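The values are calculated or read from the model by the stated rules, or taken from the named source; none is laboratory data. As the structure is a computational prediction, the values presented were derived from the model and not from experiment. Note that we place each Cβ from the backbone using ideal geometry, even for glycine, and neighbour counts take in every protein chain shown.
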Amino acid sequence: MDDSRDLAAAGECLRAASTVSIVSHVGPDGDAVGSVLGLAAALRAAGKHVTVALADGVPERFLHLPGANQVARRGDPQAECRVFLDCGDLQRAGSAWQPQWPVELNIDHHKTNTRFARFNVVWPHAVATAAMLAELLPRWGFEITPEAASALLTGMLTDTIGFRTSNMTAQALRLAADLVDRGAPLSELYFKALVERPFAALRYWGQGLSRLQREGGLVWTSLTLHDRVVSGYPGDDDAGLVSYLATVRGAAIGVIFIEQDDGTVKVSWRARPGWDVSGVAVQFGGGGHAPASGATVPGTLEEVQAAVLQATRMLLQPSFEEG
């Protein structure tokens, strides 16, 4: 549990500051984007000057959210209150933040968080960092505007895959309902975040699905640099394909390997309830949650795939028998 003094200090820091810098991780997902935009909207409504920074910018599928066009690529170290959201460690901010710059607040829900800030509010039980903010902002005296509600609900929707993850609770659903009451259009946000996809993304998926493999409870595939070219997909991620790997009947864990142009491979794990892949991710310099974790690993696609699959097999054996 977090020290109650850190929780109180976090609220005081935000209330007292006239300038705030908000940062999240590289390759931002919906929770990262929703959290930074949601907090920024609430703070701006309170009259504060806010800078939001994401090293890789806002992904196209979240550009409809209010404030997305105001996101910078670098944080403001001169701000009175410097906040990291949904970020397990300082390095995850990438070029948006220099390691020597101080950080006042670290608000996150990753169990592997290194608690690197002056004040750390880390709730591993929370379904999303956006859900934490939906609960904490009113307690800290900030209004959740319709703009903030839309961003925070998007963060909750994406991190729970539409309220379907095993850590969903009645309290999380009540928080989501409150955001709808505050003006977030649920059906529109759900479609934008989880249903609608670019044509190129589906072509990209096709490349990965064509080499899908299974070994007992383990399902995996890979996406190469060539796959991006032939499909026309502009990103360096998996376009959300990993979330479907562990849905294979009888599978326990899904893993996807995405080749990068800098000589590394992004690895993402997804697991069924009862399995914790975060420890495997930590072995490779990453982190995350029990059901969803990731890492960026140096090496060729073949090298990284062999090492990661071996480590993941060790997690599965001997307790899992092929279904």
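Brief remarks follow.
- Every pair of residues 6+ apart whose Cβ atoms lie under 7 Å, when the first sits in the stretch 10-21 and is among the basic types (Lys, Arg) while the second is surrounded by 14 or more Cβ atoms within 10 Å (Cβ to Cβ): Arg15/Trp140
- Residue identified as surrounded by 23 or more Cβ atoms within 10 Å (Cβ to Cβ) and at pLDDT 95 or above among Asp31, Asp76: Asp31
- Selection within the stretch 127-154 - over 14 Å from the mean Cα position of the chain (by Cα) and closer than 17 Å to Asn106 by Cβ: Leu133, Glu135, Leu136, Leu137, Trp140
A quick yes/no check of all residues on (1) outside any loop (DSSP other than H, G, I, E, B); (2) touching a Gly at 6+ places or on another chain (Cβ under 6 Å); (3) at negative phi; (4) surrounded by 20 or more Cβ atoms within 10 Å (Cβ to Cβ):
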residue	(1), (2), (3), (4)
Gly235	no, no, yes, no
Ala239	no, no, no, yes
Ser243	yes, no, yes, no
Val248	no, no, yes, no
Asp261	no, no, yes, no
Gly294	yes, yes, yes, yes
Gln305	yes, no, yes, yes
Gln310	yes, no, yes, no
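- Answer residue from the stretch 263-292, given it is basic (Lys, Arg) and under 28 Å from Tyr233 (Cα atoms) and is surrounded by the most Cβ atoms within 10 Å (Cβ to Cβ) among those: Arg270
- Within the stretch 196-232, the set of residues being at pLDDT below 95, surrounded by 13 or more Cβ atoms within 10 Å (Cβ to Cβ) and more than 21 Å from Gln310 (Cα to Cα) comprises Arg197, Pro198.
- Which numbered condition Asp181 fails, given (1) in contact (Cβ under 8 Å) with a residue 24 or more places away in the chain; (2) among the charged types (D, E, K, R); (3) surrounded by fewer than 21 Cβ atoms within 10 Å (Cβ to Cβ): (1)
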